[in-house]
Structures are given as C-alpha cells and as structure tokens.
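The values are calculated or read from the model by the stated rules, or taken from the named source; none is laboratory data. Bear in mind that the values here come from a model prediction, so they are computed numbers and not experimental data. A quick note on method: Cβ atoms are made from the backbone with ideal geometry, for glycine too, and the neighbour counts reach across all protein chains shown.
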Amino acid sequence: MLPHKLIEQRLQHAVQAILPGSDVAAVLVRPCPDPKFGDYQTNALMSLAKARKMNPRQLAADVTAKLDLRDCCESVEVAGAGFLNFRLAPSAMVQSLQEAARGEHLFFEKTVRPRTVLVDFSSPNVAKPMHIGHIRSTILGDSITRMLRLLGHRVITDNHIGDWGTQFGKLLVGWKHHLDLPALQIEPIGEMDRLYKLVNAAGESDPAILEQSRQELVKLQRGDEENLKIWREMLALSQAQFDRIYQRLGVNFDKALGESFYNSRLQPLVRELCDKGIARESEGAIAVFFKDIPHLKANPALIQKSDGAFNYTTTDLATLAYRLETWLPAEIVYVTDARQQLHFQQIFAVFRRWHPEAKVNLTHVWFGSILGEDGKPFKTRSGETIKLADLLDEAEERAFKVVSEKNAELSEAQRREIARIVGIGAVKYADLMSNRQSDYVFSWDKLLALNGNTAPYLQYAYTRIRSIFRKSGLETTGGGTRNPRLALAATQEIALARHLLNFGLVLEAAVDEYRPNFLCNYLFELAGHFTSFYENCPVLKAESEMRANRLLLCELTARVLKQGFEVLGIETAEQM
Ligand code: ARG
C-alpha cells in the first residue's frame, strides 16, 4: 500500500476510536506545504474538533497517542492550530520505490469509489471560429478528463456544440444572398463568420434586414426544408474544422450532442416548470425567480422570451435532465469561462427545485481570461480575436526555430515533429500551469522558454533522462531494478524519492479541485529535484550497486514525468 494511503487508513481508525461514530471519510492527508515540517499533513482534525466544540490541539494529541505508524513514519507531530504533520521513514520510501520498480504502482492508486462524471467542455459555436476562450475549456476539460480516468473514474465527455440559436437567422440571410462559394470551400468558418458579420452590420442600420433574419430563423425552427439543408451544411463544415483542431490537440469526445438535439424538449420543459409552480409568467415572458437565494434575488432565470423563443438557459436545463436520465452521473462538470458563472448558478438553482431528490453534484469549473502582454484581452495586431488554428500554427512555427537552433543536425522532418510536440505542448502547458481562476498573460517568449515552469523545460528534462538510458546501453533498468538492497544515501536522492512518492497525492488533489496546475507545479518541482540529484550524484560513473539505484531513480522520474504529461494531454519526444 502507498504510504499516504496507509497513513490515512490508520488515522481514520484512530479517529474512529477517539470519536466513535464520526464520519472519517474526509480524514485525508495532503502533501505538506513546507517539507521542513514533514511529508504529509492533515487538517481534518480541526474541523472535527470544531464541530464538537473540542480543543483541536488536544484532539490532535489524543489521536496521535492512538496512532501507531512506527513502520512507516519517522515522526508524527501536532502543529499550529491542530494540524498533524507526518514524516516518512526512509525504509517506507525504499519499499515504495521497490514496488514501483516491480511495476506494482506508479505512486498512485485507482480510487476505491469510482464515480461516473460527465464533463461538458470545449463546446464551440457553429459558423464561428473557435477562439482562445474555447482553447482553455478544451485544454482544461481534456486534462480533467484524463486525470479522472487515470484514477479509475468513469468519464463521459460531451461537446455541447452551439448549433442552434438566433445567429442562424442572420447566417441564413447571408448564405442566401452573399455567399462566396470559392471562399467557403477554402475556409468555411471564415466565410460563414464574414456572412454573419456582414448581415449583422447591415441589420444595425436597416430594420428590414433584421426582420428578414427573424423570418428565416422562424422558418428554420419550423422545419423548412431549404433552411434545414443549409443549416446542416453549416454544421458539417464547422464540425470538420473543429475536428481538425481536436486532432491537432489530441482531444476526443464520447458525445457531441449540440444544442439542437434538445430542441423538442424545450416546450415540454417550460410547461412542466410552470405546472410545478417553479416558473411563472412575467411581462409576457416566463421566468424562475429566486427570492430565497440572496445572490440570485436580482437575477431571475428567463426560460422563454416574450416572443416565444427559448434560450441558452432552457437548453441547458433540458440538457441536464437528459444527461441524468441517460448516464446517471454522480457529477456533471461544466468547463467554461468566468463570465458564465451566473448562468450556471441559475441552472443549478432551477434544477434543485425541479429535482430536489437528485443527488448529482453540479460543478462549474470556470476560468479567467487570457491577456496580451499589454494586460488587455489577447487580440491580433489588428484587434481581431485570435483564432485557435492560427495560434497553434504560430506555436509550431516558433518552436521550430527554437528546435532548429538547438538541433541543427536533425533532419527537417524530425525537427518539424519535435516542434509540433513542443509547440502544442507549450500552449497547453501555459494554460494548465496557471491558477485557472486568474487571468494570465500570454507571452510567446515565456511559454517557449527552455528554462522555468514551461513545457519545453519539462519535456527537455524528460529527454535528458532518456538520453542517460541511451548512453547506458539500457532501454530501461529492466531486471536491474529488482534490487533488494536499494538504499538512498545522498540528500538529493532522498529528496527526489520523497517527491516521487507524492505523485498520487497530488493527482488526487488536482482531481478534487479540478486544478491541473497542482500537477504542473509538481512536475516542475520534480524536474528541479531531478536536476539537483543529477548534478550531485553521478549515475553512469557510479559503481555497480549505486549505479543501479540511481538508474532506478532516473527511470522512475521519467515514468512519472511521462505519466504526468499524459494526463495533461502533453506529448513527449525522445530527443530534443
Ligand atoms: N457554446 C458556449 C459558448 O461558446 C459554451 C457552452 C458550454 N456548455 C454548456 N452546457 N452551456 O460560450
């Protein structure tokens, strides 16, 4: 068993003994924020004490007295207001490394309580280019999915494409009167975007055009054959372009049920909410009011407009109900930017009234904006929003320059392939490493730097370890890893081993809070520990037993790095 799991188990037993009948599922450990104090830490006793009006330090002391961790901890200490800090014994560390060497685990375990989680992410809009806001959703959502799956949860990913809405009225007018067919063939989304903007601008000065758009929309919604045919073509063309981006990013979806899929469910839904007294008429429209929810008091949720049209909220409610019936998820996670917070608060609040018995967890994983180096929303030089495809092209192009400078001896094809891995990885990593709830400044130089907390730095650390193996003439340490006399002597070896052991704990924390940045920081620190180990502890020049031990540390570091990258959705190269 992994040491942190063993500690949790014993801790839960001790708490159970002192506070019989208490719920100990939340008694967990986390990596100690400052290694000075130990390897693992729990703050769970403080909340237990608070709920029982006990002195938290006393409770911590009582639990410690009941706790026998002599086989895996060097020390257990009460700290601060009632924290417990645990320091691992070197023997426990060695044992865990040996298990990992035998392939029994890679410092994490699958969950004992797998849950079904539906992750709603990316969700671009038809006929519009995917913009940089969709990139964060796509990258974060994909990484969250990968982490959940690695820990053994069942995940269903659903791309809730914006394929139904008022924009199609204007798009249809544009398509019928101003379509540039050759342009459509070369860059379909660009052309559709142009049509929309054209009609939109014309509508501003000419009410007749607005009226025409409205009529086209009504015709589409009533099932007019011609309009449906055009709409389907717009969908197919957009989807093809989205798919190219997903392919470049290595992102897959299990489902892509767009907004239109729920169309027939909207009217019955509104009727049901009215019948149940949850929604009511207000100034010709239909809305749900939240008098009892302070932060929503001033923000009723509109579910049908006075002209009879349904909206984003109606669709999301129908979508939520459908997902629950179809997949029975324990949790639904929505990954969108911060501006949609109110929208999801409303959806969740309406849903709780509608299905008070439902146990599903609803989580809005929101994120901030990407800013340019001037601190303003990231735009092109001419002030346009940046398109995802262009961004990825530029990333690969810039990475190609960096890679070519370092590896002039490689063929162009090889350099291109490395540049693809580095460029896409760098864009993804920049997104994942920052706290998702803050805005971050997009800087090419920073994200492609070979030093610092960047993808290229980490990818390079990985290739460096791989080259140690190439030089050693071994593919991996193979049989040599089964070293019964594994010993850690140098402080750098111990620090590296300690950090390796934290991998699972960090993964769990990253999944609990939907924060891949925890994992990024972990990997960055891992690379740092590896560097100081490598600088201080000769590997290939060491004698046989020490050499085997150190090669094992190299191998485990490479495996953790690779696994870490994999759940971030980032590829590695063998050479850079
Ligand atoms: N299409 C929306 C947008 O581009 C995002 C949809 C997010 N998912 C959802 N179920 N509302 O802003």
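Quick notes
- Any chance residue 267 is modelled with pLDDT of 95 or more and under 30 Å from residue 371 (Cβ atoms): no
- Residue 135 under 26 Å from the mean Cα position of the chain (by Cα) and modelled with pLDDT under 95: yes
- The range 2-22, residues that are surrounded by fewer than 19 Cβ atoms within 10 Å (Cβ to Cβ), in contact (Cβ under 8 Å) with a residue 12 or more places away in the chain and not in a helix (DSSP H, G or I): 22
- Single residue of 86, 121, 107 found to be surrounded by 14 or more Cβ atoms within 10 Å (Cβ to Cβ) and more than 30 Å from residue 556 (Cα to Cα): 121
- Which numbered condition residue 326 fails, given (1) away from the ligand (no atom under 16 Å from the Cβ); (2) surrounded by fewer than 17 Cβ atoms within 10 Å (Cβ to Cβ): (1)
- Positions within the range 109-130 being under 20 Å from residue 344 (Cβ atoms) and within 9 Å of the ligand (Cβ to nearest atom), in sequence order: 120, 121, 122, 123, 124, 125
- Residue among 400, 378 that alone is surrounded by fewer than 20 Cβ atoms within 10 Å (Cβ to Cβ), of a type in the set (Phe, Trp, Tyr) and in contact with a Gly (Cβ under 9 Å, 6 or more places away or on another chain): 400
- Among residues of the range 255-282 that are assigned to a helix (DSSP H, G or I), those with a beta-carbon under 6 Å from a residue that is polar (S, T, N, Q) and within 16 Å of the ligand (Cβ to nearest atom) at least six positions away or on a different chain give the pairs 259/315; 262/315; 262/319; 266/314.
- Residue count, the range 45-63 (criterion: in contact (Cβ under 8 Å) with a residue 24 or more places away in the chain and assigned to a helix (DSSP H, G or I)): 10
- Residue within the range 281-295 that is farther than 30 Å from residue 392 by Cα, at pLDDT 95 or above, buried (at least 20 other Cβ atoms within 10 Å of the Cβ) and within 16 Å of the ligand (Cβ to nearest atom) present: no
- Just so you know, in the range 210-268 the residues that are of a type in the set (Lys, Arg) and under 24 Å from the mean Cα position of the chain (by Cα) include one that is nearest to residue 568 (Cα to Cα), and it is 248.
- Residue selected from the range 155-184 under the condition under 35 Å from the mean Cα position of the chain (by Cα), more than 12 Å from the ligand (Cβ to nearest atom) and assigned to a helix (DSSP H, G or I), by the criterion surrounded by the fewest Cβ atoms within 10 Å (Cβ to Cβ): 184
- Taken over the range 519-572, the criterion of being surrounded by 20 or more Cβ atoms within 10 Å (Cβ to Cβ) and within 14 Å of the chain's Cα centre (by Cα) is satisfied by 519, 520, 564, 565, 567, 568, 569, 570.
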